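Student: First, the structure itself, so that you have it in front of you.
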Amino acid sequence: MSTVVLLLITGLGLGALYFLVASGLSLIYGLMGVLNFAHGSFLTIAAFLGWEVGRRVSDGTWWGLALSAMVGLAVGAIVAAATEYLLIRRLYERHIEQALVTVGLALASVALFEGIWGTDPIYTRKPDWLAQTTEILGAKIPNDRFLLIACALIVLGGIVLFLRRTRYGLIIRAGVENRSMVTALGIDVRRSFTIVFAIGGAAAGLGGVLASVYYGYVSAHLGSVLLIFAFIVTVIGGLGSLTGAAIASVLVAVLQQFANFYLAGTGDFVVVVALAVVLLVRPRGLLGKVA
Amino acid sequence: MSEPILRVAGLHGRIGGQQVVEDVSFEVPATGVTALLGRNGVGKTSTIKSILGLIDRTGEVHLGDTRIDRMPTHRIVQQGVGYVPEDREVFGSLTVAENLRLAERDAAPRREFIQRLFPDIHDRRAQRAGTLSGGQQQMVSLARALVNENRLLLVDEPTKGLAPRIVDEVADALAEAARTVPILLVEQNLHVIRKLAERVVVLSGGRVVFTGTASDLLDDEDRIQRFLGVHDAADPHDSTAGSAR
Ligand SMILES: Nc1ncnc2c1ncn2[C@@H]1O[C@H](COP(=O)(O)OP(=O)(O)O)[C@@H](O)[C@H]1O
Ligand SMILES: [Mg+2]
């Protein structure tokens, strides 16, 4: 029983990380049709800069971590918005070129990060409480899982509120469904592209800081690994569906944890099988729109 | 006649490399309803989409004195063009109220006017547009265009697939709108054309083949047969969309 609880909550924590990356991927694809391979780079640069600021001000404390998170959010948002504005926008509607640009950016940025911070992981410090455990139903749960889950829930709630309550949220929801009709109502839908990138980038940036807490290090490859799973989550959840991304994040991460434990470390393999099954049985994903 | 509100000259339109509008020229007067007619697949929808910049196009299009053929779609619409697309294209996942709110461009949108014109959809403001009947969706689509003060409406087959009673309702709403704004109307139902249109433009194979008053066309059984491929139906509610195929 305690093993199940541990796997479940760890899965939820990892799912929280996936969601922070996948939410932006899904919204960006849903609205603009852009597969953003640079999304992992937003996460990595935010993790590095968040860590650099946090450790200088107050290393290994809550205050330092809070500062890292804020820097991560801001860096993620700014870098993502700049990417949209300077690169993606110039290739409006040219989806293959857009994807290629983001691939190039991802490769180049990893090389850049390695040049600055080296190729090895840099171990980070975290507040003492996060390194301790809490006992739930006999399972000793590392406390950082709770932080991850709480942050992902807050981000999910924030994005949902933004989509439901604001004019831009309305434009984005409509644009995901039928972008050309939004322009035919006299709305410059491109302006909301930058906003979607900024929101997705901010979530990924926070994800970067939290990933460094979860893994205990920062590295130039932090974003690359998470991006792969986030893409899988996005496809399984249904491209363009935020709720789908949230549900799929949890499903994929929990499945991964259980398969790793009970099926001799086959978690990644099982996830890919799950992806294949979804693509065959329900190509639009769990909650995706009919293409 | 006063200055036309829309002047289209040498308009070409392409979809995926295929030419679907070929050298189309016509004018829309500043008042009343002008019907854009022709058999299925002649390029009526594509002509409307070319005017709006929704598909690749070349040629000259003037709205009043403003040249609009180089503008992106949203700028054209902001010049005062209301669009009711074929197949309605309401946002099914948004509520009726959200569909209307999204469409509001004016500082003082005409919400009371819409409420009076379409009381039925006003009562369904909180309902998702995707769960409405076809007729109700058409009302939402019309309301989105009528909520702003426009200089021109482009309305594409608003009665397609609707029950006779709803066809009348839609025609009444268009007649009401036409009192204040000129309309370019694509329509297959001859009864509706008779009731609303003053002038007609007929397309065939992506080109204009006839321009004139509505009675020039509609009083001539031979022309109706030749240009629209239909006989004027005895039943006033018989949509000709089916029989033209
Ligand atoms: N999305 C599309 N892709 C390719 N061809 C299209 C598309 N839409 C319309 N067409 C073609 O363009 C021509 C004109 O179509 P359309 O403008 O819809 O005609 P109408 O509205 O008069 O029925 C037709 O031959 C049709 O097959
Ligand atoms: Mg058509």
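Student: B:V42: net charge of surrounding residues, Cβ under 12 Å, Lys/Arg +1, Asp/Glu -1, itself excluded? Can you show the working numbers first?
Tutor: Values: positive: B:R39, B:K44, B:R207; negative: B:E22.
Net local charge, B:V42 excluded: +2.
Student: A further question on this structure: If you take the charge dipole of chain B about its Cα centre, with +1 on Lys and Arg Cβ and -1 on Asp and Glu Cβ, which of B:N40, B:V140, B:I5 is farthest toward its positive end?
Tutor: Projecting each Cα onto the dipole axis, the largest value belongs to B:V140.
Student: Find out how many positive minus negative residues lie around B:T213, taking Lys and Arg as positive, Asp and Glu as negative, among other residues whose Cβ is under 10 Å from that of B:T213.
Tutor: Values: positive: B:R199; negative: B:E198, B:D216, B:D219.
Spelling it out: positives minus negatives among the neighbours equals -2.
Student: Of all DSSP beta bridges located in the protein assembly as shown, what percent are antiparallel, nearest 5? Walk me through the intermediate numbers first.
Tutor: Working: 29 of 46 bridges.
In the protein assembly as shown, DSSP labels about 65 percent of beta bridges as antiparallel.
Student: Equivalent ellipsoid semi-axes for the range A:130-190, as square roots of 5 times the alpha carbon gyration tensor eigenvalues: give them largest first, rounded to whole Å. The partial results should precede the final answer.
Tutor: Working: eigenvalues 354, 17, 14 Å².
Result for the range A:130-190: semi-axes of 42, 9, 8 Å.
Student: While we're here: Could you tell me how many degrees, from 0 to 90 and to the nearest 10, lie between the Cα long axis of helix A:144-165 and the main elongation axis, the longest principal axis, of the Cα atoms of chain A?
Tutor: Rounded to the nearest ten degrees, it is 20.
Student: Calculate for chain A the 222 nm mean residue ellipticity that helices alone would give, adding -39,500 (n - 2.57) per DSSP H run of length 4 or more and normalising by residue count, nearest 500 deg cm²/dmol. Could you put the intermediate results ahead of the total?
Tutor: Working: 12 runs with 216 residues, N = 291.
Result for chain A, helices only: -25000 deg cm²/dmol.
Student: Still on this structure, I have one more. With a 1.4 Å probe and all protein chains in place, put B:T58, A:T3, A:T234 in order of accessible area, largest first. It would help to have the intermediate numbers written out before the result.
Tutor: Numbers: B:T58 70, A:T3 45, A:T234 0 Å².
Heavy-atom accessible area, descending, gives B:T58, A:T3, A:T234.
Student: Determine which lysines satisfy two conditions relative to B:K195: a Cα distance under 21 Å, and not lying fewer than 8 residues away in the same chain.
Tutor: Output for B:K195: B:K44, B:K160.
Student: Run the helix sum for chain B: -39,500 (n - 2.57) per DSSP H stretch of 4+ residues, divided by residue count, reported at 222 nm to the nearest 500 deg cm²/dmol.
Tutor: Numbers: 9 runs with 74 residues, N = 245.
The helix-only estimate for chain B comes to -8000 deg cm²/dmol at 222 nm.
Student: No solvent, one uniform scatterer per C-alpha: report log10 I(q)/I(0) for chain B via the Debye equation at q = 0.13 1/Å, two decimals.
Tutor: -0.78
Student: Oh, and also: Using the basic label-point model (7 angstrom from Cα toward the beta carbon), what is the A:Y92 to A:Y217 distance in nanometres?
Tutor: 4.5 nm
Student: If you fit an axis through the alpha-carbon atoms of helix A:95-117 and take the longest principal axis of the Cα set of chain A, what angle between them do you get, 0 to 90°, nearest 10?
Tutor: It works out to around 30 degrees.
Student: Then there's this: On a 1.4 Å probe surface of the protein chains, which of A:T124, A:T44, B:T211 comes out largest in accessible area, and what is the full order? Intermediate values should be presented prior to the final figure.
Tutor: Working: A:T124 35, A:T44 5, B:T211 80 Å².
Heavy-atom accessible area, descending, gives B:T211, A:T124, A:T44.
Student: Let me ask you something else. Give the long-range amide H neighbours of B:D156: residues separated by 5 or more places, or on another chain, with amide H under 5 Å away, using H modelled in the peptide plane at 1.01 Å from N.
Tutor: Under 5 Å from the amide H of B:D156: B:V84, B:E86, B:V186.
Student: Show me, for the range B:151-157, the HN-Hα J-couplings you get by feeding each phi into the Karplus relation (A = 6.51, B = -1.76, C = 1.60, θ = phi - 60°), rounded to Hz, glycine and proline as x.
Tutor: With the stated coefficients, the range B:151-157 comes to 9, 7, 10, 10, 10, 10, 6 Hz.
Student: Something else now. Along the range A:261-276, what does the Karplus equation 6.51 cos²θ - 1.76 cosθ + 1.60 (θ = phi - 60°) give for ³J(HN,Hα), rounded to whole Hz, x for Gly and Pro?
Tutor: Going residue by residue, I get 7, 8, 10, 6, x, 9, x, 5, 4, 4, 5, 5, 4, 4, 4, 4 Hz, with x marking Gly and Pro.
Student: For chain A, find the longest principal axis of its Cα atoms and tell me its angle to the long axis of helix A:167-177, 0 to 90°, nearest 10.
Tutor: 80 degrees
Student: If each residue of separation counts as 0.36 nm, what is the full-extension length gain between A:I228 and A:M70 once their alpha-carbon separation is subtracted? Before the final figure, lay out each step's value.
Tutor: Numbers: separation 158, 0.36 × 158 = 56.88 nm, distance 2.49 nm.
Once the chain is fully extended between A:I228 and A:M70, it gains 54.4 nm.
Student: Would you list, by chain and number, the lysines whose Cα falls below 23 Å from the Cα of A:K126, excluding same-chain residues fewer than 8 positions away?
Tutor: Qualifying lysines at Cα under 23 Å: A:K140.
Student: If amide hydrogens are placed 1.01 Å from N in the peptide plane, which non-local residues have theirs closer than 5 Å to the one on A:I136?
Tutor: Correct list: A:I141.
Student: Between A:T133 and A:V281, take the C-beta separation as r, use R0 = 41 Å, and let me know the FRET efficiency to the nearest 0.05. Write down the numbers at each step before the final one.
Tutor: On the way: r = 39 Å, r/R0 = 0.95.
Computed FRET efficiency for A:T133 and A:V281 comes out at 0.60.
The values are calculated or read from the model by the stated rules, or taken from the named source; none is laboratory data. Worth saying up front: this structure is predicted, and the values here are computed from it rather than measured. Every residue, glycine as well, gets a Cβ built from its backbone with ideal geometry; the counts of neighbours run over all protein chains shown. We work out accessible area using only protein heavy atoms, side chains counted, and drop any ligands, DNA or RNA first. Shrake-Rupley method; radii C 1.70, N 1.55, O 1.52, S 1.80 Å.
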